[in-house]
Amino acid sequence: MNWKKKLLALGLSLALTLSLTACGQKAAESEQPEEPAQTEEPAVEAPDGTEADTAHFRIAALKGPTAMGLVKLMKDNDETIGALLSSAKPYEGEVGNLYTFTLAGSADEVTPALIKGDLDMACVPANLAAVLYGKTGGAVEVLAVNTLGVLYIVENGETVQSMADLKGQTIVAAGKGSTPEYALRYLLTENGIDPDKDVTIDWKSEHSECVAALASGQAAIALLPQPFVTVAQTKIEGLRMALDLTAEWDKLDNGSALITGVIVARRDVVEANPGAVDSFLQNYAASVEWVNGNTAEAAALVGEYGIVDAAVAEKALPYCNIVCLTGGEMKDKLSGYLQVLADAEPSSVGGALPGDDFYYGG
């Protein structure tokens, strides 16, 4: 069997698996993501008999900004599989990596599958990646930062024009004991504001409660992530994004960055498929570039795959800070961010900072 036929056989062997993935389900279908089936994959060889730089990767992402940058890659993957399965004529295009995508509602649905080996890669919160590294004894590494900060100070008014203007104010927020709290407290402190004395932070259990407080007039200032900001703006006339916490973090010029999500992979998968992993990162970078440059079309795909409503996505995408940071830049910004979290609460990063081997290509 020649190389092209082997690749075709690989594509066909994945057909049933791919047909069950969440990315193949439209918004009208069940919201419950299906766990990817495990398949025995044939080895793929290049024409010279060596192992090819291609693989089948099972990837999970959460329904939100950290999945939005994947949508062009998801669509291209669907089209490649469709062409491979077409009976109209033999597929003659070039076949690279093939992917099974699963969309989940929370990280709790993703991490057990990654640890068990049912997933190869996952888009997860940045601090969770560090926790997984510690929990698995270094069996997980981070490939890329996929989303910078998505946190904003919103206001129904014009009082807040800078971080200094938050002094003496009441801020409603959700996420106490997690990264939103640590990020807010860090930025307040770095701007000379004591988060325990100079402001009142009214903690709610959910972001929707913050939106309700703004809508009812019980609060005028809130800390919200995208796309909740966009949803809130559709309900509350005059609500504006007063401060972008990612931009405020960048003003500190400390070499780190406010980071929401990263892409992690099992170390054994990376070591077995280094060329294919690099190809995936190229695929993902191209997808991110397309998403950031084609907002309307990207939003339509975001809606098609049931990640976020398309209308909301179109307004929110420019403010979701979707990126693909790799190598040394990833390591510098992510390690600095994790250090801030560790200083605030060591358990937020698993009790200790990850070693250098946590950072792929760093």
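Quick check on this structure: which one of ALA55, ALA37, ALA43 is surrounded by 14 or more Cβ atoms within 10 Å (Cβ to Cβ) and at pLDDT below 65?
ALA37
Going by what's in this entry, would ASP120 be described as of a type in the set (Asp, Glu) and closer than 30 Å to VAL231 by Cα?
No; evaluated as a whole, the condition is false for this residue.
When ALA276 is evaluated against the numbered criteria (1) in the same structural domain as SER208 (by TED's automatic domain parsing); (2) among the aliphatic types (A, V, I, L, M); (3) in contact (Cβ under 8 Å) with a residue 60 or more places away in the chain, which criterion, by number, is the only one it fails?
(1)
So, ALA299, is that one in a helix (DSSP H, G or I), without any contact (Cβ under 8 Å) to a residue 24 or more places away in the chain and within 17 Å of the chain's Cα centre (by Cα) or not?
Against the criterion (in a helix (DSSP H, G or I), without any contact (Cβ under 8 Å) to a residue 24 or more places away in the chain and within 17 Å of the chain's Cα centre (by Cα)), ALA299 qualifies.
Could you tell me which residue of segment 182-227 is surrounded by the fewest Cβ atoms within 10 Å (Cβ to Cβ), considering only residues that are in contact (Cβ under 8 Å) with a residue 24 or more places away in the chain and acidic (Asp, Glu)?
That would be GLU206.
Run down THR230, THR234 and say which single residue is surrounded by 17 or more Cβ atoms within 10 Å (Cβ to Cβ), more than 22 Å from VAL145 (Cβ to Cβ) and of a type in the set (Ser, Thr, Tyr).
THR230
Please enumerate the residues belonging to segment 172-221 that are part of a loop (DSSP other than H, G, I, E, B) and under 23 Å from PRO125 (Cβ atoms).
Hits for segment 172-221 are GLY175, LYS176, GLY177, SER178, PRO195, SER205, GLU206.
Answer yes or no: is there a residue in segment 338-361 that is surrounded by 20 or more Cβ atoms within 10 Å (Cβ to Cβ), closer than 21 Å to ALA183 by Cα and in contact with a strand residue (DSSP E or B) (Cβ under 7 Å, 6 or more places away or on another chain).
no
Which is assigned to a loop (DSSP other than H, G, I, E, B), touching a Leu at 6+ places or on another chain (Cβ under 7 Å) and under 17 Å from ARG240 (Cβ atoms), of VAL160, VAL154?
After applying the criteria, what remains is VAL160.
Kindly indicate the residue of segment 303-324 that is farther than 20 Å from LEU151 by Cβ and assigned to a helix (DSSP H, G or I) and also farthest from the chain's Cα centre (by Cα) among those meeting that condition.
The selected residue is ALA311.
Confirm whether VAL270 is among the β-branched types (Val, Ile, Thr) and under 17 Å from the mean Cα position of the chain (by Cα).
No; evaluated as a whole, the condition is false for this residue.
Spot the failing condition for SER256; the list is (1) surrounded by fewer than 22 Cβ atoms within 10 Å (Cβ to Cβ); (2) part of a strand (DSSP E or B); (3) within 22 Å of the chain's Cα centre (by Cα), and only one is missed.
Evaluating SER256 over (1) surrounded by fewer than 22 Cβ atoms within 10 Å (Cβ to Cβ); (2) part of a strand (DSSP E or B); (3) within 22 Å of the chain's Cα centre (by Cα) leaves (2) as the failure.
Check off (1) under 17 Å from TYR133 (Cα atoms); (2) touching a residue at least 60 places away in the same chain (Cβ under 8 Å); (3) surrounded by fewer than 20 Cβ atoms within 10 Å (Cβ to Cβ); (4) under 17 Å from the mean Cα position of the chain (by Cα) for VAL264 and give me the number that stays unchecked.
(3)
The values are calculated or read from the model by the stated rules, or taken from the named source; none is laboratory data. The structure displayed is predicted, hence computed values, not measured ones. So basically every Cβ, Gly included, is an ideal-geometry build from the backbone, and we count neighbours across all protein chains shown.
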